[in-house]
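What follows is one structure encoded as structure tokens, with my remarks underneath.
The values are calculated or read from the model by the stated rules, or taken from the named source; none is laboratory data. Source: prediction; values computed, not measured. Neighbour counts run over all protein chains shown; Cβ positions are idealised from the backbone, glycine included. Keep in mind that these areas ignore ligands, DNA and RNA; they rest on the heavy atoms of the full protein, side chains included. Shrake-Rupley method; radii C 1.70, N 1.55, O 1.52, S 1.80 Å.
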Amino acid sequence: SEYKGSRVLSAMFLNAAVCRKSTNGTWNHVLAGRDAILASYQARPAQRITRHFCSNIRVQVESAERARISTYVQVFAADTQHAPDGHFGWPLAGRTMIGEFDDLCVLDQGAWRFAERHARFVMHRDG
């Protein structure tokens with residue numbers, strides 16, 4: 001994945017952050033804490049790489065230390081088990097997914113971090 005094997009991703013979250021993922025309209029997957037969020041991403045197959053294209057980003061400032069952000073995201077994945085296709089890179093694998101993030105960000109020791117993330121897929125294209 002984009003941040004596989006690093007602490008970059010987990011550093012974007014508060015220690016006590018909560019990440020909820022929805023399937024079929026139910027918030028059935030909850031990750032509590034920075035370490036659980038990182039472990040979830042590190043558990044993905046080592047040969048998988050992903051890229052997230054974000055758009056329609058809307059920020060609602062609630063205070064000098066708190067903001068809500070909504071984002072549309074399109075997720076692409078590839079499998080690196082085989083050699084890349086020349087200068088074109090690895091071919092896309094599996095589904096292309098479109099989803100949404102609803103985030104609560106807070107100012108923490110001079111840096112903006114995620115306190116909550118609600119992630120859901122809205123549609124996909126197979127193959």
Among the residues in region 73-89, are any modelled with pLDDT of 95 or more and closer than 27 Å to ASP126 by Cα?
yes
Could you grab me the full set of residues in region 31-69 that are more than 22 Å from LEU14 (Cα to Cα) and polar (S, T, N, Q)?
GLN47, THR50, SER55, ASN56
Which one is farthest from the chain's Cα centre (by Cα) among residues in region 43-67 that are under 17 Å from GLY99 (Cα atoms) and among the charged types (D, E, K, R)?
ARG58
Members of region 78-102 that are open to solvent by 90 Å² or more (accessible area, probe 1.4 Å) and without any contact (Cβ under 8 Å) to a residue 24 or more places away in the chain
HIS82, ASP85, HIS87, PHE88, LEU92
Pick out the one residue from VAL106, VAL59 that is of a type outside the set (Lys, Arg), open to solvent by 70 Å² or more (accessible area, probe 1.4 Å) and modelled with pLDDT of 95 or more.
VAL59
Consider SER70 against the criteria (1) modelled with pLDDT of 85 or more; (2) open to solvent by 80 Å² or more (accessible area, probe 1.4 Å); (3) in a strand (DSSP E or B): it satisfies all of them except one. Which criterion is unmet?
(2)
